[in-house]
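To start, the structure under review is shown below, and the notes come after it.
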Amino acid sequence: MPLSSRHLLGLEGMPKQDIQLILDTATTFREVLERPVKKVPTLQGQTIVNLFLEDSTRTRVSFELAERRLSADVVNFSASASSIKKGETLKDTVRNLEAMKIDMVVIRHAAQGSPHFLTKIMNAHIINAGDGSHEHPTQALLDMYSIREKFGTIEGLHVCIVGDISHSRVALSNIYGLTTMGATVSVCGPKTLIPKDIEKLGVNVFYNINSAIREADVLNVLRIQLERQDRVFFPSLREYREYFAVTKERLKCARKEITIMHPGPINRGVELSADVADSDASIILQQVLNGVAVRMAVLYLLGTGK
Ligand code: CP
């Protein structure tokens with residue numbers, strides 16, 4: 001069965017079969033990444049534009065590698081070297097790009113809903129690589145892939161997302177995806193960084209990091225998104241660290257072996273201590289590697305309609 005949508009805009013409402021199909025397909029591409037020649041001809045002849053209008057390291061490089069490893073033609077577009085600087089609108093920009101016969105657009109944009117907007121004005125397949133504080137679906141898919149790789153399953157595990165939940169697109173996509181896949185999901189952070197009514201999304205809330213550590217199988221630790229905060233939500237980073245940082249000392253209260261994840265970029269010594277980030281409990285670099293396989297799977301499934 002193909003995916004139920006011709007775009008990947010978010011995980012809200014995505015059927016379990018679609019998530020399962022992406023994760024299973026990623027397993028095949030994960031094997032390709034271990035070969036001496038990490039390339040297959042699957043998307044030969046297709047042109048993909050990476051439209052990154054907000055900063056990125058992992059997602060941008062990961063998509064580009066995934067596209068090249070599927071043999072697609074790749075065009076990288078950034079606002080700073082484009083006519084957007086001369087005042088051209090997003091609509092005019094993408095319609096001009098589409099006139100050059102492109103097949104897919106991967107978009108990262110600070111404005112929520114920008115990938116959805118592109119689906120209204122273009123025929124190309126659209127993939128959301130992060131829209132403001134809304135969704136980051138491929139990050140959540142690679143997170144779920146990494147959890148499944150480590151534990152053999154997602155169902156029944158307790159995943160706690162720690163940090164700035166209010167401003168995090170990673171948190172929202174993870175909540176949608178993990179609850180669909182049958183995980184127990186909780187969030188933990190200062191009251192000011194947890195949206196009111198978040199329980200309506202099927203998650204539990206911890207305001208104490210030690211309680212979260214005692215209960216969870218996995219901690220997905222998030223960065224404080226200072227660039228998205230227009231007011232002060234806690235007194236200082238020092239204060240945040242004192243109450244919510246995940247440290248070796250704090251992990252002593254875990255009742256079972258705990259797995260540490262982080263989508264990056266890490267603010268070492270703020271939300272996560274360096275020794276925990278680099279410890280055996282951490283699968284952070286495994287997440288990065290799996291991200292390429294998961295993005296290959298998404299591009300393949302959308303690009304071939306399989
Ligand atoms: N995880 C993530 O989205 O990282 P980048 O902002 O570096 O792409």
Inset, instruction - Spot the failing condition for ASP280; the list is (1) in contact with a Phe, Trp or Tyr (Cβ under 8 Å, 6 or more places away or on another chain); (2) exposed (fewer than 13 other Cβ atoms within 10 Å of the Cβ), and only one is missed. - result: (1)
Inset, instruction - List the number of the failed condition for PHE77; all other conditions in (1) within 16 Å of the ligand (Cβ to nearest atom); (2) at pLDDT 95 or above; (3) outside any loop (DSSP other than H, G, I, E, B) hold. - result: (2)
Legend entry - Conditions (1) of a type outside the set (A, V, I, L, M); (2) within 30 Å of ALA124 (Cα to Cα); (3) within 16 Å of the ligand (Cβ to nearest atom); number of the one not met by THR304: (3)
Inset, instruction - State whether one or more residues within segment 80-87 are away from the ligand (no atom under 16 Å from the Cβ), touching a residue at least 12 places away in the same chain (Cβ under 8 Å), over 22 Å from VAL288 (Cα atoms) and assigned to a helix (DSSP H, G or I). - result: yes
Inset, instruction - Have a look at VAL162, VAL94, VAL106 and point out the one that is within 16 Å of the ligand (Cβ to nearest atom), more than 16 Å from LEU8 (Cβ to Cβ) and more than 12 Å from the chain's Cα centre (by Cα). - result: VAL162
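To keep it simple, each residue is scored yes or no on (1) polar (S, T, N, Q); (2) under 19 Å from ASN290 (Cα atoms).
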{"position": "GLN112", "(1), (2)": "yes, no"}
{"position": "ILE126", "(1), (2)": "no, no"}
{"position": "THR138", "(1), (2)": "yes, yes"}
{"position": "TYR145", "(1), (2)": "no, yes"}
Inset, instruction - Collect the residues in segment 46-78 that are free of Cβ contacts under 8 Å to residues at least 40 places away in the same chain and either surrounded by 19 or more Cβ atoms within 10 Å (Cβ to Cβ) or touching a strand residue (DSSP E or B) at 6+ places or on another chain (Cβ under 8 Å) (or both), keeping them in residue-number order. - result: GLU64, ARG68, ASP73, VAL74, VAL75, ASN76, PHE77, SER78
Inset, instruction - Considering only segment 244-274, state which residues are loosely packed, with under 13 Cβ neighbours inside 10 Å, not in a loop (DSSP other than H, G, I, E, B) and not hydrophobic (A, V, I, L, M, F, W, C). - result: LYS248, GLU249
Inset, instruction - Select from segment 70-85 the residues that are in contact with a Ser or Thr (Cβ under 9 Å, 6 or more places away or on another chain) and of a type in the set (D, E, K, R) and list them in ascending order. - result: ASP73
Inset, instruction - From the list ARG241, ARG214, ARG250, pick out the single residue that is modelled with pLDDT under 95 and among the charged types (D, E, K, R). - result: ARG241
Inset, instruction - Residue by residue through segment 140-159, note down the ones that are under 13 Å from the mean Cα position of the chain (by Cα) and either away from the ligand (no atom under 16 Å from the Cβ) or surrounded by 24 or more Cβ atoms within 10 Å (Cβ to Cβ) (or both). - result: ALA140, LEU141, LEU142, ASP143, MET144, TYR145
Inset, instruction - Answer yes or no: is there a residue in segment 13-20 that is within 16 Å of the ligand (Cβ to nearest atom), part of a helix (DSSP H, G or I) and at pLDDT 95 or above. - result: no
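The values are calculated or read from the model by the stated rules, or taken from the named source; none is laboratory data. Bear in mind that the values here come from a model prediction, so they are computed numbers and not experimental data. All Cβ positions, glycine included, derive from the backbone under ideal geometry; neighbour counts span all protein chains shown.
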